[in-house]
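First the structure, in the form of C-alpha cells, and then the observations on it.
The values are calculated or read from the model by the stated rules, or taken from the named source; none is laboratory data. No experiment lies behind these values; they were computed from the predicted model shown. FYI the Cβ positions are ideal-geometry reconstructions off the backbone, even for glycines, and counts take in every protein chain you see. These area figures cover heavy atoms from the full protein model, side chains too; ligands, DNA and RNA do not enter into them. Shrake-Rupley method; radii C 1.70, N 1.55, O 1.52, S 1.80 Å.
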Amino acid sequence: MTEPSWKRFPVVVTGGAGFIGSNFVLEWLEGAPGTAQPLVNVDCLTYAGNLKNLERVRAHPGYKFVRADICDRARLDALLEEHRPRAIVHFAAESHVDRSILGPDAFVETNVRGTFVLLEAARAYWNRLAGPERAGFRFLHVSTDEVYGSLGADDPAFCETTPYSPNSPYSATKAASDHLVRAYFHTYGLPTMITNCSNNYGPYHFPEKLIPLIITHALEGKPLPIYGDGMNVRDWLYVGDHCAALRLVLEKGRPGETYNIGGRNERSNREVVETICEILDELRPGSPHCPHKQLIRFVKDRPGHDRRYAIDATKLERELGWRALETFSTGLRKTVEWYLANPEWIADVLSGAYRKWIEQNYDGRDDDGRATEQARAGQHRVEE
Ligand code: NAD
Ligand code: DAU
C-alpha cells in the first residue's frame, strides 16, 4: 500500500544535534533502505549540540539542518511555512540537572519559554492546514521521568497518572513545559503527545552525564566521582530503545495522551560505576589504571538529589506493542565499546574543538543568498 502524500512531508526535530536527538536523526534517516522520510533538524547548537554526531547523514538527500533558536518565533514561523512538516518532535532543552542548580535561567528560557514559543508557532501553522494534513499533524514533546519527583525504596514505579512533583530547576522547567503542551491539546485541540522517559545512555552522550563521564575519566585515569553514598537509583534505557519508542508514539500514539518510556533497569549509581570499571578491566586489560575501581571517589552530594526513579511502561507496551531490545548489560557493553572506538569524538568534545569547528564552518558563511540578506537585516540565520 502506498503512503498518503502528506506523509512524505518532513518531520521537524528540535534539538537534533544533542545526545538523544542525534541518535533519533541517525536512526530516522538510516533505517530500512528506501524508507527514510525527510527530516529537518532545528538546533541552535548550545555547548551540548554537536554536528559531528550527524556527519554520516550530512549529505543525505532527506536531511536538512537549520541553525535556529526555539525562542525565536519569527524563525520558527518562517521555517514551518517553508518546510510544511507533518510533525514536530521536540527534544531541544537544557538537560543537565547540575547545570540547572548552578544556573537555572537558561532552563527557564529554553525549556519553558522555548517550548511555549514553539507551541505558539505550531498552533499558528496547524491552524492554516486543512484536510488530511491537519488531521495527521502531530506535536510530540519529549520529556523526562524527573517531573514525577523522587521515589522511596518500596514505592511503585511512576505511571502516567503519578502526580507531578519536580525537585530540581531542570525538572521543574520540564514539568512546566509538559503542562503547557497538555494545555494546548485541551484548549486549542493541537494534536500533542507527551513522552516521559527514564535515564538514557548510549553513543554521543555528552561526558557531563554520569555514564560517559565515568567512561572518559576512567580511560584517562582520573577520579570517578560518585555523589553522596552512591545508592541513588536510576532506571536506565538504551537510547536506541527510546528512539524506537518515540517513532512508535509518533505514528500510533493518541493525541492528548502521555506515554511513559523505560526499560525496567533500575541500578544504583555505585553499581553502574562499578560495572563500567569491570567492563573496562576486561576490554583494556593492559591499562595502567586497572583495576579501574581504584579510581572511585565518593564526593559531596548534589543538592536536592532525587533518591530513586523507576518507570512503569505498561501503557506503551500494551497499547503500542513496544519492548526494549537492550538489557542494561548488553546496552552498557555496547556503549563502552562505542567510546573505546571513538577516541576522536571524545577528544573533540573534551577539548572544545568541535565548537571551533562550528565557528569555522559557520562564522561569516554567506554561501546562501538568504543567509546573507538576512544577516544584513540583523537576523541571525545560518543554514547548512
Ligand atoms: P542534550 O542536552 O544532549 O541536547 C539538547 C539539544 O538541544 C542540543 O543539541 C542543544 O544545542 C539544543 N538546544 C538547546 N537549547 C536550544 C534552543 N533554545 N533552541 C534550539 N536548540 C536548542 O539533551 P538530551 O539528553 O539529548 O535530551 C533531549 C531531550 O530529552 C530533552 O528534552 C530532555 O529533557 C529529554 N530527556 C532526556 C533524557 C536523558 O537521559 N538524557 C531522559 C529523558 C528525557
Ligand atoms: O531521568 C531522566 C533524566 O536523566 C533526564 O531528564 C536528564 O536530562 C538527564 O541528564 C538525566 O538526569 P540525571 O540527573 O539522573 O543524570 P546524571 O547523569 O547527571 O546523573 C545520574 C546519577 O548519577 C544521579 O543520581 C547523579 C549521579 N552522579 C552524576 C554525576 C554527573 C554522580 O554520582 N556523579 C557524577 O559525577
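Per residue, the convex hull spanned by the alpha carbons of region 83-200 comes to 114 Å³.
With only alpha-carbon pairs counted, each pair once and no self-pairs, how large is the Kirkwood hydrodynamic radius of region 59-104 in angstroms? For region 59-104, inverting the mean 1/r across all distinct Cα pairs yields 13.2 Å. The charge dipole of the chain, taken about its Cα centre with unit charges on the Cβ of Lys, Arg, Asp and Glu (plus for the first two, minus for the last two), comes to roughly 500 debye.
Solvent-accessible surface of the chain, taken per residue with a 1.4 Å probe and all protein chains present: 43 Å². Counting every pair of alpha carbons in region 1-154, the share spaced more than 28 Å apart comes to 23 percent. Counting only alpha carbon atoms, the long axis of helix 269-283 and the longest principal axis of the chain meet at about 80°. Remark on region 132-232: hydrodynamic radius 16.4 angstrom, per the Kirkwood mean of 1/r across alpha carbon pairs. When the alpha carbon gyration tensor of region 229-342 is reduced to an equivalent ellipsoid, its three semi-axes come out at 32, 19, 10 angstrom, largest first. Globularity index of region 10-65 is 1.01 (Cα radius of gyration / 2.2 N^0.38 Å, N = number of residues).
Exactly which trypsin sites (Lys or Arg not before Pro) in region 292-346 are in a DSSP loop and have at most 16 other Cβ atoms within 10 Å? Listed in order of number, the matching sites are K300, R307, R323. Once the Kirkwood radius over Cα pairs is known for the chain, the Stokes-Einstein relation at 25 °C and 0.890 mPa s delivers a diffusion coefficient of 113 µm²/s. Normalised by residue number, the volume inside the convex hull of the Cα atoms of region 253-309 is 143 Å³ per residue. The three principal axes of the C-alpha atoms in region 165-217 carry coordinate ranges of 48, 24, 13 Å, sorted with the longest axis first. Structure note, pairs K174/K300; K293/K334; K174/K293; K52/K315; K64/K315: Cα-Cα distances above 30 angstrom occur for K174/K293; K52/K315; K64/K315. Counting only alpha carbon atoms, the long axis of helix 73-83 and the longest principal axis of the chain meet at about 70°. With kT/(6 pi eta Rh) evaluated at 4 °C and eta = 1.567 mPa s, and Rh the Kirkwood radius from Cα pairs, region 173-284 diffuses with a coefficient of 80 µm²/s according to Stokes-Einstein.
Under conditions of 37 °C and 0.692 mPa s, region 39-127 yields 232 µm² s⁻¹ as its translational diffusion coefficient, taking Rh as the Kirkwood radius over Cα pairs in the Stokes-Einstein equation. One compactness figure for region 105-158 is 1.68, namely its Cα radius of gyration divided by 2.2 N^0.38 Å. Calculate how steeply helix 239-252 sits against the longest principal axis of the alpha-carbon atoms of the chain, using the helix alpha-carbon long axis, and give the answer as 0 to 90 degrees to the nearest 10. For helix 239-252, the angle is close to 30 degrees. Size estimate for region 275-334 follows the Kirkwood approach: the inverse of mean 1/r over distinct Cα pairs works out to 15.3 Å.
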